[in-house]
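First the structure, in the form of structure tokens, and then the observations on it.
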Amino acid sequence: MDNQKINAKISIDCNFNYFGFDKPTISSFEIEYFALKERDIVIGYQDEQEWEGIVRYDSSSPEEMKWYIELNLKKEYVVSSERAEGRDEGARSAIPIGEIRGESAVVTAMLADGIDIEIVEKYTRLSKTRLKNILQNIKK
């Protein structure tokens, strides 16, 4: 991975994975937002740690876990003082998270109001699997 272009800085959650903590899942929305392709080099960051990684795709994985970052845990980056103090020098990397959270809130309200899942699906980038999970949580 040396001397290759870093295509994006992406907020990750190592707890959300299918293949292990060093292969955190990223959403298809983030793939689209950053125009990433399989084998692109990215920086994944979580809390006060950053690692270099490669974007991977596995068509046999569950729908929401097909895209993931294979982190190179030996390639950890020094976290900037701005990030350590809670400010993010890569604000663009946080935008997808905010958009997804906002979209999830709207979708949750639509489903809670009794709108059919097939109709809601037409107005969101969230997968049908995620919509079903949201609906299950509403019914609890």
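A short reminder: the numbers here are calculations on the coordinates, not readings from a lab. Since this is a predicted model, take the numbers as computed values, not measurements. So basically every Cβ, Gly included, is an ideal-geometry build from the backbone, and we count neighbours across all protein chains shown.
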Relative exposure of 71, 135, 126, judged by other C-beta atoms within 10 Å (fewest first): 135, 126, 71
Residue 75 long-range amide H proximity, modeled H, under 5 Å: 52
Neighbour-count ranking [beta-carbon atoms within 10 angstrom, fewest first] of 106, 78: 78, 106
Ranking of 66, 5 by count of other Cβ atoms within 10 Å, fewest first: 5, 66
Label-point separation in nm, residue 49 to residue 118, each point 7 Å along Cα→Cβ: 4.5 nm
Spread of Cα-to-Cα distances over 10 Å intervals beginning at zero, given as percent, for segment 6-84: 20, 56, 22, 2, 0
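Defining a contact as two alpha carbons under 8 Å apart and six or more residues distant in sequence, what relative contact order in percent does segment 6-84 show?
31 percent
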Computed E for residue 137/residue 76 - FRET, C-beta separation, R0 35 angstrom, nearest 0.05: 0.50
